[in-house]
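Inspection log for the structure reproduced underneath, given as C-alpha cells.
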Ligand SMILES: C[S@@+](CC[C@H](N)C(=O)[O-])C[C@H]1O[C@@H](n2cnc3c(N)ncnc32)[C@H](O)[C@@H]1O
C-alpha cells in the first residue's frame, strides 16, 4: 500500500491507472492505423484488399456512381439542385460514417483536379473571372433558333462568337443545347481586332469583363461590326453616359465609321437574378468560399450585380421579330424572361437610377 492508503483505495487507484493505460493503448493503435492508411477519420480508403468501412463495396459503388453523372456530391444530395440524384441520396443515408468521409474526400480531390489551369495571353483583373451560367443560354435559345432559321442555318451551323475568354465554359453550355459552331478561344480580343483576325460569325454572344473600359470597347465593336448581338451585361451599363452614343452610333467616333446607325437594343430580363461561376483556381480560394459560400463543378458561385441580356439582332431580325421569338419561347420552352423595348421601360427594381421612366 502507498502512503498509508486503505486496501480499497489502493485497488481503486490501480484499477483507474489500468483503465487509463488501456485507453491510451487503444488510441495509439488507432493513430497507427490512420497513419498506415487503414481508413481513419480523415476518410481515405485503406490499401486495396484491406477490409475497412472506407473501401467497402458500398463506398466503391457510390464513388463509381458519382464519377458517372454531373454535379458535385453536395449537388447530387440536394433535392433542390438540378443534379439531384435520389438513388445516391438513398444510398448515402445507409453508409457508415467512415465511408461517407472517404466519399467526401474523394469528391474534394476530384474538384481540385478540375481547378482551372488557364494561362491568359492578356492582362486581366482577377475580379473579372466569372463565367455565364447555363440557364442564361437556355433563355436565348428561341432567339438564336429564329436567327439561325432566318439565315438558312440551324443550331449546328449558326456561327457564334464570344471574344472574352475565362475558362471556356460557355462553349460547353452552348454545345449541350446543340450549338456546335462556337468560336471562343483563349486569345487577346483586342489584339485579334487590331490584327483584323476577327473570325467569320453570324452573331456575337458574350459577357465581357466588368473592369476598366471593356464595356465601351465591346459596345463600340458591336456597333462597327454591324452584326446581331446578345450581350450579357449588368443593369447599370444602360444608365451610363457613354451607352446610347455607343450603341446607336451617334458618338463622334462611331459617326466616323461606315456602320449604319442602330436603334437602342432590347432587354431580356430573367425572373430570377443570374448567378455567375468563378472557375476554381482563377481567384483566391478563401476569398471565394468566404464571400460566396456555394461551390460546384462550375466553380464558386457569385452574383455581384443584377444582369440581363442586351439584344440587337439587326440586320437579320428586326426588334418586332425578336418579340415574336420571345413570345414563342414562352410557349415552347417555358422561358419566363420578360422582354423590354427600351431602358426607360424597365421596371424600377432593375432600371438604373439615372434612367427616367417612359
Ligand atoms: C466575365 S468573364 C466572361 C467569360 C465568358 N465570355 C462567359 O460569358 O462565360 C470575362 C473574361 O474576359 C477575359 N478577358 C479580359 N481581357 C480580355 C481580352 N483582352 N481578350 C479576351 N478576354 C479577355 C477575362 O479573363 C474574363 O475572365
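Data overview
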| item | result |
| --- | --- |
| Selection status of residue 185, under 20 Å from the mean Cα position of the chain (by Cα), in a helix (DSSP H, G or I) and within 12 Å of the ligand (Cβ to nearest atom) | no |
| Sole residue being within 11 Å of the ligand (Cβ to nearest atom) and touching a residue at least 12 places away in the same chain (Cβ under 8 Å), chosen from 231, 147 | 231 |
| Among residues of the range 150-172, those that are away from the ligand (no atom under 14 Å from the Cβ) and in a loop (DSSP other than H, G, I, E, B), counted | 9 |
| Listing of helices (runs of 4 or more DSSP H) fully contained in the range 195-276 that carry 3 or more residues being within 22 Å of residue 151 (Cβ to Cβ), in the same structural domain as residue 305 (by TED's automatic domain parsing) and in contact with a helix residue (DSSP H, G or I) (Cβ under 8 Å, 6 or more places away or on another chain) | 214-225 |
| Some residue of the range 184-202 being at pLDDT 95 or above and closer than 27 Å to residue 331 by Cα | yes |
| Residue match in the range 173-180 (condition: exposed (fewer than 15 other Cβ atoms within 10 Å of the Cβ), in a helix (DSSP H, G or I) and under 16 Å from the mean Cα position of the chain (by Cα)) | yes |
| Some residue of the range 113-122 being near the ligand (Cβ under 9 Å from one of its atoms) and more than 22 Å from residue 231 (Cβ to Cβ) | yes |
| Flag if residue 87 is surrounded by fewer than 16 Cβ atoms within 10 Å (Cβ to Cβ), within 10 Å of the ligand (Cβ to nearest atom) and free of Cβ contacts under 8 Å to residues at least 60 places away in the same chain | no |
| Members of the range 204-226 that are surrounded by fewer than 20 Cβ atoms within 10 Å (Cβ to Cβ) and away from the ligand (no atom under 13 Å from the Cβ) | 216, 224, 225, 226 |
| Helices (runs of 4 or more DSSP H) wholly inside the range 53-146 that include at least 2 residues being closer than 30 Å to residue 321 by Cβ and touching a strand residue (DSSP E or B) at 6+ places or on another chain (Cβ under 9 Å) | 134-138 |
| Yes/no for residue 102 being under 30 Å from residue 59 (Cα atoms), free of Cβ contacts under 8 Å to residues at least 40 places away in the same chain and away from the ligand (no atom under 16 Å from the Cβ) | no |
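The values are calculated or read from the model by the stated rules, or taken from the named source; none is laboratory data. What you are looking at is a predicted structure, and each value in this text was computed from that prediction instead of being measured. For neighbour counting, all protein chains shown are included, and Cβ atoms are generated from backbone atoms with ideal geometry for every residue, glycine included.
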